[in-house]
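Okay, structure first, notes after.
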Amino acid sequence: MKCVDDFRFRLGQHELVPIMIGGMGVDISTVELALEAARLGGVGHISDAMVPTVIDRHFKTRFVKEKLKLYKANVTNLADKTLVKFHLGELEEATRMHVRRAMDAKHGSGMVFINCMEKLTMNAPKETLKVRLNAALDAGIDGITLAAGLHLGSFGLMEEHARFRDAKIGIIVSSLRALQLFIRKNARTNRLPDYVVVEGPLAGGHLGFGMDWANYDLATIVGEIQTWLKAEQLDIPLIPAGGIFTGSDATAYLERGAAAVQVATRFTVTKECGLPDPIKQEYYIANEDDIEVNGISPTGYPMRMIKSSPAIGAGTHPNCESFGYLLDANGRCAYIDAYNRAVAEHPGEKKVRVWDKTCLCTHMRDFDLWTCGTCFP
Ligand SMILES: Cc1cc2nc3c(=O)[nH]c(=O)nc-3n(C[C@H](O)[C@H](O)[C@H](O)COP(=O)(O)O)c2cc1C
């Protein structure tokens, strides 16, 4: 019987251990975790979620405090967040610091990538995404994984960068259709993705499916994409993700032609993972009955999490002036609407509970939303 180490992940000129640790925001897949994956010859991800906040923690900078100071007068304005913008120069600086912290310390034959989520719309989707992508390239990241969104314009936002054709750039999809659309829309850049992560319905984090996620199956989606790539004579490494928990799970995909596997939940309990120790214990002791897929993420994507996550029903006052990573192009977030509804339904109450949505920025920052994958549908 073969084992994972009998396989190698060939990515251009690189020969890697076929394990990629998936991006886990916010600072759950830490620089330390990504560096360890690279040291051992695989691929580790840092995350570009809420980087100014993460950098404040590591470098004692004041990105969040300064932003709050600037917009303090707007904190009680729960009707309009349009003026709460990110300073693009600061965002660029924070992203560079974050990536350099990883790349300056990197050794070993593996690689460090950054997971970049399109759904972090930050009240100026195109401008902020452009800054994040290009700053990561400037700071020498080995690769960028385009995540949480279709990313139809992301190649265009980077194509002027000197490293656009030399850094590894991949995309996460959950269907053949999404991959076809991405390739078609980016044909003009004359560049294909260097790898494709196929994320199935059992993954942690946001799911690229509706609440009918249980009707889908990772192996089937991977098979469809493999068949199509072959018919199109496209040689792009495929990396299945979601519910791959054991060496045997991984080997089953590698034997069927996957280039590598992306794994995340298994690494939430490692020493290098950013979760505080008591929360690692929550992941340790969780079983299948403790996990649910719900619709509380303001992004609109379903999310799988441990049912006892404090973020569920928390009713936090929106913190957009400090964070605001999910404000859309019009300064709106589904959590603010849900919060306002809850307040209107409970006049005079000091503290409301909000069950239908959660303040994802605050709770991911505080490690209060315990998203995870599962190995059973
Ligand atoms: C705690 C946690 C946080 C995650 N955060 C992100 C994220 O910020 N961006 C993203 O694209 N995927 C995220 N994911 C998904 C993983 O990168 C990965 O693709 C998926 O979890 C793989 O399934 P597995 O956890 O069953 O191994 C997260 C997963 C976990 C467990």
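Report the equivalent ellipsoid semi-axes for region 53-163 in whole Å, largest first, defined as the square roots of five times the eigenvalues of the gyration tensor built from alpha carbon atoms.
27, 19, 11
Mind listing the phi-derived Karplus ³J(HN,Hα) values for region 289-296, rounded to whole Hz, using 6.51, -1.76 and 1.60 with θ = phi - 60°, and x for any glycine or proline?
5, 8, 10, 9, 9, 9, x, 7
Relative contact order for the chain: what is it in percent, counting Cα pairs under 8 Å that are at least 6 residues apart?
Reported relative contact order: 20 percent.
Report the local net charge at A148: Lys and Arg +1, Asp and Glu -1, summed over other residues whose C-beta lies under 12 Å from its C-beta.
Charge balance near A148 sits at -2.
For the chain, what does -39500 (n - 2.57) per DSSP helix run (n ≥ 4), summed and divided by total residues, give at 222 nm, in deg cm²/dmol to the nearest 500?
-9500 deg cm²/dmol
Can you run the Rg to Rh ratio on region 174-299? Use alpha carbon positions and the Kirkwood inverse-distance Rh.
1.01
Given charges of +1 on the Cβ of Lys and Arg and -1 on the Cβ of Asp and Glu, with all other atoms neutral, how large is the dipole of the chain about its Cα centre, in debye to the nearest 20?
Computed about the Cα centre, the dipole is about 880 debye.
Compute, for region 93-196, the length of the dipole vector about the Cα centre, with Cβ point charges of +1 (Lys, Arg) and -1 (Asp, Glu) only. Units Debye, rounded to 20.
For region 93-196, the charge dipole is close to 260 debye.
Step through the table entries K119/K168; K81/K357; K106/K271; K126/K307; K67/K350, compare each Cα-Cα distance with 23 Å, and write down the pairs that go over it.
Table pairs above 23 Å Cα-Cα are K126/K307; K67/K350.
Roughly what percent of Cα-Cα pairs across region 139-187 reach past 11 Å?
69 percent
Calculate the FRET efficiency for R165 and A219 from the Cβ-Cβ distance with a Förster distance of 45 Å, rounded to the nearest 0.05.
Using R0 = 45 Å, I get an efficiency of 0.85.
When only DSSP loop residues count, what trypsin sites (Lys or Arg not before Pro) in region 157-193 have their Cβ near at most 16 other Cβ atoms within 10 Å?
Counting only loop positions with at most 16 other Cβ atoms within 10 Å, the trypsin sites (Lys or Arg not before Pro) in region 157-193 are R163, R165, R191.
Identify the trypsin sites (Lys or Arg not before Pro) of region 22-76 meeting these criteria: DSSP loop state and at most 11 other C-beta atoms within 10 Å of the C-beta.
Listed in order of number, the matching sites are K60.
Per 10 Å bin from zero, what fraction in whole % of the C-alpha pairs of the chain is there, up to the bin with the longest pair?
Calculated P(r), rounded to whole percents: 5, 24, 35, 25, 8, 2, 0.
Can you check what the net charge comes to around A338, using other residues whose Cβ is under 10 Å from the Cβ of A338 (Lys, Arg +1; Asp, Glu -1)?
Net local charge, A338 excluded: 0.
Would you mind telling me the antiparallel percentage of the DSSP bridges in the chain, rounded to 5?
Approximately 25 percent, going by the DSSP bridge assignments.
From Cα pairs below 8 angstrom and at least 6 apart in sequence, can you work out the relative contact order of region 113-259, rounded to a whole percent?
Answer for region 113-259 is 19 percent.
Could you point to the residue in L275, F9, L68 farthest towards the positive end of the chain's charge dipole, with +1 and -1 charges on the Cβ of Lys/Arg and Asp/Glu respectively?
It is L68, whose Cα lies furthest towards the positive end.
Tell me, what % of the accessible area of the chain is carbon and sulfur with a 1.4 angstrom probe?
Carbon-and-sulfur percentage of accessible area, whole number: 52.
When each pair of different Cα atoms in region 1-127 is counted once in the 1/r mean, what is the Kirkwood radius in angstroms, to one decimal?
With all distinct Cα pairs of region 1-127 included, I get 16.4 Å.
Roll a 1.4 Å probe over the protein chains and send me the accessible area per residue for the chain in Å².
Accessible area per residue, the chain: 44 Å².
How long are the semi-axes of the equivalent ellipsoid of region 165-247, taking √(5λ) for every eigenvalue λ of the Cα gyration tensor, in whole Å from largest down?
23, 14, 13
Taking every Cα atom in region 322-377, find the radius of gyration and the maximum pairwise distance Dmax, and write them in Å.
Rg then Dmax for region 322-377, in Å: 14.0, 45.
Report, in whole Å, the centroid distance computed from the Cα atoms of region 220-275 and region 68-120.
28 Å
Quick one: net charge around A73, please, counting Lys, Arg +1 and Asp, Glu -1 for every other residue with C-beta under 14 Å from its C-beta.
Residues near A73 contribute +2 overall.
With a cap of 14 neighbouring Cβ atoms within 10 Å, and only residues DSSP puts in a loop, list the trypsin sites (Lys or Arg not before Pro) found in region 234-332.
Passing sites in region 234-332 are R256, K271, K307.
Based on a Kirkwood Rh over C-alpha pairs, give the Stokes-Einstein translational diffusion coefficient of region 283-341 at 4 °C and viscosity 1.567 mPa s in µm²/s.
So the translational diffusion coefficient is about 99 µm²/s.
Specify the longest stretch of the chain that does not include any exposed loop site, a site being one of the GluC sites (Glu not before Pro) with a non-H, G, I, E, B DSSP assignment and at most 12 other Cβ atoms within 10 Å.
Result, exposed sites excluded: 1-159.
The values are calculated or read from the model by the stated rules, or taken from the named source; none is laboratory data. Every value quoted in this text rests on a predicted model; they were computed, and no experiment measured them. Don't worry about glycine lacking a Cβ; one is built from the backbone with ideal geometry, like all the others, and counts go over all protein chains shown. Remember, those area values only see protein heavy atoms, side chains included, never the ligands or the DNA or RNA. Shrake-Rupley method; radii C 1.70, N 1.55, O 1.52, S 1.80 Å.
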